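Read the structure below first, then the notes.
The values are calculated or read from the model by the stated rules, or taken from the named source; none is laboratory data. Just so it is clear, the model here is predicted, and its values are computed rather than measured. Reconstructed Cβ throughout: ideal geometry from the backbone, glycine too, with neighbour counts over all protein chains shown. Accessible surface areas use protein heavy atoms only, side chains included; no ligands, DNA or RNA. Shrake-Rupley method; radii C 1.70, N 1.55, O 1.52, S 1.80 Å.
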Amino acid sequence: MKRSRGNFIAKAIAACFYCVVNREALAFAPGMRNIFANLRTKESTELNYVQEFLKGFVEAPAEYKLKKYQERGRAIASSFSERKYEAHPLFMNRHFQTIFGVFVRDSPGCAYIERSNIFAEGFPVLKAVAGSIPKILGLTEGETRSDYWDERERFATPDSDFFDVDYKFVNPATKSGGKGTVVIVHGLESNSNSTMCTNMAKAFIEKSMDVACINFRGCSGVPNDTIFQYHSGFTDDLVLFFDKWSERGNNKPLYVTGFSLGSNVVMKALGDLGMQAVEKYNIRGAAVSGAPFDLNYHWRQLIDDDFNRIVYAGNLLRSMKKKANNIVDTYFDGDTDTDVFDYWGTINAKTIPEVEDSMVAPVYGFKDKFDYYDQSASLPVVDSIAVPTYILNAVDDPFFDPDFYPIEKDCEGKSDGAPVKFVRTKHGGHLGHMFHVVDEDFCNTNSCIASFAPMELARFLEHVHANVFDL
């Protein structure tokens, strides 16, 4: 009787360990093999029974759990069937995609072009492009706050600053209704008012998911309260949002998405968090577009190419220099000789890397631009991502070195590694993927509420949700 009682206690302890260690892993694998099947039979001694259990769970529980998350995640990510992107032959130029993708994304006849009369169907594109020229040239008023979003919330940060989050709900009346919430993280010098953000939100709402779009500090139309804003590896505010969201007891799953700089922030945050993304924040998947992975490979793209330097870098430089002036006026009483950063180096900069050396690096405590690139890169932590993740890039992206793409990290056909699916289209530019040629009845049988890239990201997260949960 005494031996039977002792055996029961040993098994109970082992079962408790099992539940604690595997509680969250079961969310990804409801039908996962019972690990006790690999243990010895009841004839094993109590000591051996516990020792064998501890061997798999106590010596390296974190590594084991991460592998379990990734194992299930790889099956989900690799089973997603991506759609082929086909750019219209007249509009496949990478610069055309990159520039006009910003301005005509929501214009009728621009996101999708029917194959039936491919040239005649191109006229709406030309009309929209012509109509966008005044805005591109700065001849019209700048952005105003979008009326697309249902609600804005301000989050205070530990360093006495704030950032704003805009929400879109499946059911605005109840401020909920979605089967989950998707968090959008925008790109450099963008905000929730951008056509990419609102287009993405439309795609997620169509999939019955609520949306929270984070505006980086200083990007919501209101100056922030400190000198700090954001950079390509700045994950603090995103993780703070996760913390606050979790504290509210939201039981529905979180999903995360982003584009360009925002995609790097998303992947770095998920890699840094590892299993905590699931266990602490209930994050179940991610989908991003225009991911740089590591700026060390791309920093010369906006220098060596004349078009890139004049058009893209020129536009970004104007915006970054304007912020430098605002910082000096707001926080240093107009003192241009402040020792916090090199104001004159920033104002006289001819390239983005020069601004990163003169302003970004010193403000955020990096040694120089290369230290900034190293510490901000998401590539080194990709292997620690625990949730199914989808990355959509284009070979002809003018911002990125076409010879660099870490396809070796792709989970397709892998028996280990992070559950990350890599898709790289031949055309699409930077955050373009517009003017997608489709069959005549495509939009009758498929949703065309948003352009190609946002719809693919939404389709992936819908796929993850359907496979991870049985709701």
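Results, tabulated for the structure shown:
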| quantity | calculated |
| --- | --- |
| Checklist (1) farther than 22 Å from Asp225 by Cα; (2) basic (Lys, Arg); (3) open to solvent by 80 Å² or more (accessible area, probe 1.4 Å) applied to Arg284, failing item | (3) |
| Residues that are under 31 Å from the mean Cα position of the chain (by Cα), part of a helix (DSSP H, G or I), small (Gly, Ala, Ser) and closer than 18 Å to Trp299 by Cβ, drawn from the stretch 322-373 | Ser358, Ala361 |
| Test: residue in the stretch 298-305 that is open to solvent by less than 10 Å² (accessible area, probe 1.4 Å), modelled with pLDDT under 95 and either in contact with a helix residue (DSSP H, G or I) (Cβ under 7 Å, 6 or more places away or on another chain) or within 20 Å of Ala212 (Cα to Cα) (or both) | no |
| Residue that is modelled with the lowest pLDDT [pool: residues in the stretch 402-457 that are of a type in the set (Val, Ile, Thr) and loosely packed, with under 14 Cβ neighbours inside 10 Å] | Thr445 |
| Which listed residue is surrounded by 14 or more Cβ atoms within 10 Å (Cβ to Cβ), free of Cβ contacts under 8 Å to residues at least 40 places away in the same chain and under 23 Å from Gly138 (Cα atoms), from Asn348, Asn325 | Asn325 |
| Unique residue being among the aliphatic types (A, V, I, L, M) and in a loop (DSSP other than H, G, I, E, B) when the list is Leu126, Leu90 | Leu90 |
| Failed item in (1) touching a Phe, Trp or Tyr at 6+ places or on another chain (Cβ under 7 Å); (2) under 21 Å from Val423 (Cα atoms); (3) open to solvent by less than 20 Å² (accessible area, probe 1.4 Å), with Gly101 passing the rest | (1) |
| Any chance Ser376 is open to solvent by 10 Å² or more (accessible area, probe 1.4 Å), under 20 Å from the mean Cα position of the chain (by Cα) and of a type in the set (Gly, Ala, Ser) | no |
| Criterion violated by Ser358 - all others in (1) of a type in the set (Ser, Thr, Tyr); (2) surrounded by fewer than 16 Cβ atoms within 10 Å (Cβ to Cβ); (3) closer than 24 Å to Arg309 by Cβ satisfied | (2) |
| Residues of the stretch 200-211 satisfying the condition of being surrounded by fewer than 22 Cβ atoms within 10 Å (Cβ to Cβ) and either in contact with a strand residue (DSSP E or B) (Cβ under 8 Å, 6 or more places away or on another chain) or in a helix (DSSP H, G or I) (or both) | Lys202, Ile205, Glu206 |
| Selection within the stretch 129-178 - modelled with pLDDT of 95 or more, open to solvent by less than 70 Å² (accessible area, probe 1.4 Å) and assigned to a strand (DSSP E or B) | Glu151, Arg152, Glu153, Phe155, Phe162, Phe163, Asp164, Val165, Asp166, Tyr167, Lys168, Asn171 |
| 2 or more residues polar (S, T, N, Q): qualifying helices (runs of 4 or more DSSP H) within the stretch 215-321 | 261-273 |
| Residues within the stretch 304-354 that are out of contact with any Leu (no Cβ under 8 Å at 6 or more places or on another chain) and either at positive phi or of a type in the set (A, V, I, L, M) (or both), tallied | 11 |
| The one condition in (1) in a helix (DSSP H, G or I); (2) touching an Asp or Glu at 6+ places or on another chain (Cβ under 8 Å) that Tyr390 fails to fulfil | (1) |
| Tabulated pairs, the stretch 409-430, first on the phi < 0 side of the Ramachandran plot, second in a strand (DSSP E or B) and among the basic types (Lys, Arg), C-beta under 8 angstrom, 6+ apart or interchain | Asp410/Lys421; Cys411/Lys421; Glu412/Lys421 |
